[in-house]
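Worksheet: the structure to be examined is printed underneath.
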Amino acid sequence: MSRVVSSKHRSNLIIHLVLIAGAAVMVLPFLWMILTSLKTTTEATQIPITILPAEPSLRGYVDALRQSAFLHYYANTLMAAFMKTLFPVVFSAMAAFAFARIRFPGRGLCFFLIISVMMIPNPVFYTPQYLMMSKLGLVNTTTALWITSLVSPFATFLLRQFFLGISKELEEAAVLDGCNPFQIFRYIMLPLVKSALVAVVIIQLLWSWNELQWPLIINSSPEKLTLSAGLATLVSMFGTDYPVLMAGAFMAVIPMLILFFIFQRRFIEGVAFSASKG
Amino acid sequence: MHSKSRYIWAYMMIAPTLIGTLVFWSWPAVYSIYLSFLKSENFGLVNHWVGWANYERLFMDEEFWQNLRNTILYVVLFVPTTIILSTFFAVLLNAKIKGQAVYRVIYFLPQVTMAAAAAMVWVIIFAQDYGLLNSVLGTHIAWISDKRFAMYALVMVGVWGAIGFNMLLILAGLQGIPRTLYEAAEIDGAVGFRKFRSITLPLLTPTLFFTSIVLVIGATQIFDSIYLIIGKTNVALPAVRSLVYAYYQNSFIYYDQNYGAAIVNILLVINLVLTGIQFMLQKKWVIYD
Amino acid sequence: MNIRKKMAAGIASLLLVTLMAGCNSSNDGGGATDSGAQKSVTISYTIWDKNQQPAMEAIADAFTEQHPNIKVKVDAIPWGEYWTKMSAAAPAGMLPDVFWMHGGQFMKYAEGQFLEPITDKVQANEIDLNNYASNLVSIYTIDGQNYGIPKDFDTIGLAYNKELFDQANIPYPDDTWDYAKLAEVAKQLSQPDKGIYGFGAKLDTQAGYWNDMLANGGFILNDDMTKSGYDELASIEALKARYQMILDKASPTHQQMTDTDSVEMFKSGKLAMIFDGSWDNGNLASSEIIKGKYDWAPLPKGKVKRGNIINGIGNVMSTKGKHKDEAWQFLKFLGSKEAAEITAEMGAAIPAFNNTQDAWVKNNPDLNLQVFIDQAADATPYPSGSKSYPVWFSKEAEIMSQAWGGAISIEEGAKKVAEMMNQAIEDAK
């Protein structure tokens with residue numbers, strides 16, 4: 001009896017050790033980011049490298065907040081993230097269901113068109129999209145931050161895979177009852193994928209939060225930038241103030257981390273591809 | 001219920017995504033394809049048709065072939081390593097241990113770390129004289145400026161950035177496998193790795209399929225780490241330069257959008273082929289419930 | 001479930017509020033609003049150096065005092081994204097009203113007719129181009145047409161660590177120094193086992209070996225920008241001399257300088273000497289380690305002369321701006337003595353306007369900043385005046401890095417660069 005117990009303890013211990021080792025590697029750059037945010041400008045780049053700040057100070061955070069547009073960055077980021085999460089999730093879920101469960105003519109072609117977008121690097125789209133924005137009069141606006149991203153090929157693909165894994169019986173019963181596809185989607189399928197939607201929401205939020213190049217290209221005024229883009233403007237050609245940059249980056253990341261911590265269980269549950277719940 | 005009316009529903013449900021994609025993403029993609037057959041001036045205001053000239057130049061360009069080799073090497077090294085490690089850590093996390101939530105958040109951190117910050121740290125880790133990696137291994141390798149090693153350094157950075165997210169995907173896949181199957185197998189006398197191979201792995205295949213497609217597409221577009229960590233004046237650049245990096249140089253530095261467009265189109269074709277092959281093979285190894 | 005619903009409601013209302021805030025803020029700027037008799041206009045001025053933003057905004061404020069109906073919005077876009085953005089904005093007709101131009105990008109924008117020529121205004125004596133050094137004006141002139149007004153200039157100096165010199169009892173660099181002396185002292189000051197080196201012989205053009213090549217009688221591009229000077233014997237000799245310092249362990253290796261930026265090494269007191277540009281003084285001064293312990297000297301003499309590269313940013317205006325008259329007023333003001341003095345006093349850059357540089361020098365009285373001004377007269381203009389510049393400049397770095405990293409010989413590298421440059425010039429015709 002005791003031998004079985006202690007071997008389970010031992011294997012658990014080993015698992016913990018391995019996970020901790022991996023975690024150490026994962027967390028290293030993030031830790032460095034925080035440590036740098038507490039150092040002086042000189043300490044941040046001097047050689048030999050310093051690990052801990054001699055006298056930790058919050059100057060980096062103060063100066064980052066003093067960036068006149070910091071609140072704007074936050075507001076813009078929130079709004080853009082909201083738009084780039086809500087709409088893509090709704091639109092992708094609908095489309096994913098149709099692609100997975102309805103055999104309509106042109107299904108393959110349309111699906112392929114959508115996911116082929118993922119195969120082209122982002123910068124390819126910048127100049128044509130800039131042109132479109134200028135024709136629509138949307139250059140240097142907050143609208144331009146999100147309007148092109150109301151769709152998400154990635155989310156469509158992910159949700160389609162999920163829908164494919166749901167058993168057909170439920171659906172067949174609903175069809176017999178006379179439901180149209182949208183009703184099936186709305187009342188039967190959607191509830192089954194609540195957690196998957198959480199996963200997609202987190203992914204979309206993350207991407208929207210981190211996006212830095214497009215905002216800088218389409219907008220110029222600081223009040224129209226997002227957090228990542230605004231922080232990027234702190235990188236000067238010469239003598240970047242790293243503590244401020246890192247402090248800003250850390251403050252930008254906190255909401256995402258908190259959100260993820262709250263929802264990470266749902267995130268995992270959500271992305272299960274085989275339906276165990278029948 | 002009439003098929004036709006089902007079709008109409010289908011079209012309506014894909015409409016927003018399809019229209020949004022066509023308007024904002026497909027059209028620029030087509031434009032980019034078109035660009036590759038032109039010679040542009042004045043940032044694209046003046047264009048001359050040159051047919052296949054850009055592609056001919058591309059195929060005769062030694063640098064292009066090297067970039068292609070580099071990109072493929074990166075995909076081959078990065079994708080399997082990421083999948084294997086992500087699965088490994090997912091299996092560990094799936095065991096009933098305490099503190100799962102904390103581990104998950106920590107493994108997710110690379111996704112939220114600012115790229116420039118991470119790059120700063122990696123350069124320090126890889127430094128020849130005082131770098132962490134050399135201290136741990138007891139070597140004196142110039143990881144990012146030695147042609148023989150730079151690619152491995154980049155793969156390490158790539159795997160680091162990708163494990164968190166993919167591990168969570170696979171963990172989800174693992175948790176979708178009913179316990180009853182394992183219990184039945186245990187009664188039959190199966191243990192450890194055998195359980196993994198005959199139950200876990202097959203039922204994990206839909207997840208692995210998705211992961212592998214997305215990882216391959218992402219890996220072929222490797223750019224950020226080369227730009228941030230390797231840089232233009234690095235001796236090792238030719239040994240790691242990717243197709244997207246070459247595209248960036250040609251389109252945005254040399255202002256040769258047409259040549260850049262040709263490079264991206266080749267990349268697109270490669271991805272189409274690779275993804276197409278994976279989709280066709282899926283019937284052979286992916287098991288949907 | 002309930003908690004979740006409440007949280008969702010809370011987040012939704014928060015988002016609604018920010019959406020409102022977002023919508024409101026997108027209705028400002030860029031337009032003309034009626035304010036009584038005179039229309040108030042806002043024009044945009046885009047720059048790439050956030051460090052200079054305070055000075056630029058001070059200039060904008062001074063301008064608005066004199067032209068109360070014209071407001072100027074100063075935006076800083078980081079260098080990395082600046083040209084991507086401009087190259088997208090140009091064909092869309094959306095360039096900023098006034099913005100910074102760099103010599104290397106100038107031709108593309110001028111020839112594409114994205115920049116408003118100011119020649120007629122010059123000839124109408126609205127602005128006197130004699131107020132600036134002629135080699136600066138020429139950077140922004142093509143075929144007799146002026147497009148830009150010089151804003152500032154920069155030259156290269158020799159920064160040295162006084163403490164390291166004192167410890168070794170060696171006199172500081174001065175204007176008697178030549179390259180042989182530089183190499184000699186660099187060797188004396190090197191203590192590789194302590195990680196200290198005498199000189200940072202880095203792979204750099206403007207703040208690096210271009211100066212060496214010029215000093216030795218070589219050149220980068222000939223006068224009419226048709227032929228590369230990299231394969232001249234004098235150029236190759238100069239390159240070899242610099243590389244020799246790495247071989248003699250008077251300088252860190254290229255790999256070491258890839259791992260750690262040599263300017264950071266100097267700022268940490270690990271390098272005794274380094275070439276650096278006037279623009280970087282603020283960066284060096286920000287280091288707590290070498291503050292007060294470093295100074296500037298002129299570059300050493302070469303066999304033929306003292307080499308130096310002079311470059312300058314120019315202010316230009318867009319042809320498609322909506323308020324071109326107002327933009328011209330501001331452009332004119334940017335080129336004025338007043339603007340130059342503000343630039344100098346705030347230490348932003350060395351202004352291009354003649355005889356305004358003193359204030360910049362006096363900004364740091366304990367540093368010998370005068371060397372930058374003194375070397376300007378004999379300096380060679382930055383070789384950016386050809387359409388092929390973006391291509392050859394970028395490729396040059398790649399080829400030379402192979403040489404600097406020891407993969408190919410210096411001579412081979414230089415010859416390859418020359419071949420590449422000549423080809424690029426051909427292709428751009």
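The values are calculated or read from the model by the stated rules, or taken from the named source; none is laboratory data. Bear in mind the structure is a predicted one, so any value in this text is a computation, not a measurement. Here Cβ is always computed from backbone atoms with ideal geometry, including for glycine, and neighbour counts include all displayed protein chains.
Results for (1) under 24 Å from the mean Cα position of the chain (by Cα); (2) surrounded by fewer than 23 Cβ atoms within 10 Å (Cβ to Cβ), shown as yes or no for each residue.
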{"site": "C:Ser228", "(1), (2)": "yes, no"}
{"site": "C:Ser262", "(1), (2)": "yes, no"}
{"site": "C:Phe266", "(1), (2)": "yes, no"}
{"site": "C:Gly269", "(1), (2)": "no, yes"}
{"site": "C:Ala285", "(1), (2)": "yes, yes"}
{"site": "C:Lys301", "(1), (2)": "yes, yes"}
{"site": "C:Asn308", "(1), (2)": "yes, no"}
{"site": "C:Gly312", "(1), (2)": "yes, no"}
{"site": "C:Lys324", "(1), (2)": "no, yes"}
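Of all residues in the range B:38-86, those that are closer than 30 Å to C:Gln113 by Cβ and without any contact (Cβ under 8 Å) to a residue 60 or more places away in the chain total 9. Screening C:Ala352, C:Ala397 for residues that are under 20 Å from C:Ser336 (Cβ atoms) and either in contact (Cβ under 8 Å) with a residue 12 or more places away in the chain or assigned by TED's automatic domain parsing to the domain that holds C:Lys416 (or both) leaves exactly one candidate, C:Ala352.
Looking at (1) within 9 Å of chain A (Cβ to nearest Cβ); (2) over 26 Å from A:Asn210 (Cβ atoms); (3) buried (at least 20 other Cβ atoms within 10 Å of the Cβ), which one does B:Ala95 not meet, given that it meets all the others? Status for B:Ala95: all satisfied but (3). In this structure, B:Tyr103 does not qualify as of a type outside the set (S, T, N, Q) and either more than 13 Å from every other protein chain (Cβ to nearest Cβ) or in a loop (DSSP other than H, G, I, E, B) (or both). Candidates A:Leu58, A:Leu65, A:Leu71: the one that is more than 24 Å from the chain's Cα centre (by Cα), on the phi < 0 side of the Ramachandran plot and either without any contact (Cβ under 8 Å) to a residue 24 or more places away in the chain or surrounded by fewer than 20 Cβ atoms within 10 Å (Cβ to Cβ) (or both) is A:Leu58. Restricting B:Leu208, B:Leu169, B:Leu203 to residues that are within 13 Å of chain A (Cβ to nearest Cβ), in contact with a Ser or Thr (Cβ under 7 Å, 6 or more places away or on another chain) and under 30 Å from A:Asn122 (Cα atoms) narrows the list to B:Leu169. Taking the criterion of being farther than 25 Å from C:Ala89 by Cα and without any contact (Cβ under 8 Å) to a residue 24 or more places away in the chain, would at least one residue in the range A:153-169 satisfy it? Looking for residues that are farther than 25 Å from C:Ala89 by Cα and without any contact (Cβ under 8 Å) to a residue 24 or more places away in the chain, one finds at least one in the range A:153-169, hence yes. Can you tell me which residues in the range C:189-202 are farther than 19 Å from C:Asn169 by Cα and crowded, with 22+ Cβ neighbours inside 10 Å? Once the filter is applied, which keeps residues that are farther than 19 Å from C:Asn169 by Cα and crowded, with 22+ Cβ neighbours inside 10 Å, the range C:189-202 yields C:Gly200, C:Ala201, C:Lys202. Only a single criterion out of (1) surrounded by 18 or more Cβ atoms within 10 Å (Cβ to Cβ); (2) over 20 Å from B:Phe210 (Cβ atoms); (3) more than 7 Å from every other protein chain (Cβ to nearest Cβ) is not satisfied by A:Leu136, namely (1). Any chance the range B:235-253 includes a residue that's in contact with a His (Cβ under 8 Å, 6 or more places away or on another chain) and assigned to a loop (DSSP other than H, G, I, E, B)? There is at least one residue in the range B:235-253 that is in contact with a His (Cβ under 8 Å, 6 or more places away or on another chain) and assigned to a loop (DSSP other than H, G, I, E, B). Each residue in the range C:50-67 was checked for being out of contact with any Leu (no Cβ under 8 Å at 6 or more places or on another chain), without any contact (Cβ under 8 Å) to a residue 60 or more places away in the chain and closer than 20 Å to A:Asp63 by Cβ, and 2 of them qualify.
Each residue in the range C:406-423 was checked for being surrounded by 22 or more Cβ atoms within 10 Å (Cβ to Cβ) and within 9 Å of another protein chain (Cβ to nearest Cβ), and 0 of them qualify.
Kindly indicate the residue of the range B:6-52 that is small (Gly, Ala, Ser) and facing another protein chain (nearest Cβ under 7 Å) and also farthest from A:Arg107 (Cα to Cα) among those meeting that condition.
By that ranking, first place goes to B:Gly44.
More than 14 Å from every other protein chain (Cβ to nearest Cβ) and in contact (Cβ under 8 Å) with a residue 24 or more places away in the chain: is that true of C:Gly217 in this structure?
Yes.
Close Cβ contacts (under 6 Å, 6 or more residues apart or on different chains) running from residues in the range B:245-258 that are within 7 Å of chain C (Cβ to nearest Cβ) to residues that are among the hydroxyl-bearing types (Ser, Thr, Tyr) and surrounded by fewer than 24 Cβ atoms within 10 Å (Cβ to Cβ) comprise B:Phe252/C:Thr84; B:Ile253/C:Ser394. Looking at the range C:257-345, the strands (runs of 3 or more DSSP E) lying wholly inside it that each contain 1 or more residues that are touching a residue at least 12 places away in the same chain (Cβ under 8 Å) and of a type in the set (D, E, K, R) sit at C:271-277, C:294-297.
Only one of the numbered conditions (1) touching a Pro at 6+ places or on another chain (Cβ under 8 Å); (2) surrounded by fewer than 22 Cβ atoms within 10 Å (Cβ to Cβ) is violated by C:Asn131, and that is (1).
Report yes if B:Ile287 is more than 30 Å from A:Tyr126 (Cβ to Cβ) and modelled with pLDDT under 90, otherwise no.
So B:Ile287 fits the description; yes.
Scanning the range C:68-101 for residues that are touching a residue at least 40 places away in the same chain (Cβ under 8 Å), under 21 Å from the mean Cα position of the chain (by Cα) and surrounded by fewer than 20 Cβ atoms within 10 Å (Cβ to Cβ) yields no hits at all.
Tell me, which helices (runs of 4 or more DSSP H) lie completely within the range B:1-64 with 2 or more residues that are over 22 Å from A:Ala96 (Cβ atoms)? In the range B:1-64, B:27-35, B:53-59 are the helices (runs of 4 or more DSSP H) which contain 2 or more residues that are over 22 Å from A:Ala96 (Cβ atoms). Per the listing A:Ala98, A:Ala21, the residue uniquely surrounded by 21 or more Cβ atoms within 10 Å (Cβ to Cβ), aliphatic (A, V, I, L, M), at negative phi and over 23 Å from the mean Cα position of the chain (by Cα) is A:Ala98.
Within the range A:99-120, being modelled with pLDDT of 90 or more and under 15 Å from A:Phe182 (Cβ atoms) holds for one residue alone: A:Phe99. For the range B:106-132, filtered to residues that are part of a loop (DSSP other than H, G, I, E, B), of a type outside the set (S, T, N, Q) and more than 7 Å from chain A (Cβ to nearest Cβ), the residue that is surrounded by the fewest Cβ atoms within 10 Å (Cβ to Cβ) is B:Asp129. For the residues A:Ile268, A:Ile254, A:Ile218, A:Ile166, the requirement of being buried (at least 23 other Cβ atoms within 10 Å of the Cβ) and either modelled with pLDDT of 80 or more or touching a strand residue (DSSP E or B) at 6+ places or on another chain (Cβ under 6 Å) (or both) singles out A:Ile218. Only one of the listed residues (A:Ala247, A:Ala199, A:Ala173, A:Ala229) is part of a helix (DSSP H, G or I) and surrounded by fewer than 19 Cβ atoms within 10 Å (Cβ to Cβ). That residue is A:Ala173. Residue count for the range B:192-224 satisfying the condition of being assigned to a helix (DSSP H, G or I) and either among the acidic types (Asp, Glu) or within 28 Å of A:Ile115 (Cα to Cα) (or both): 21.
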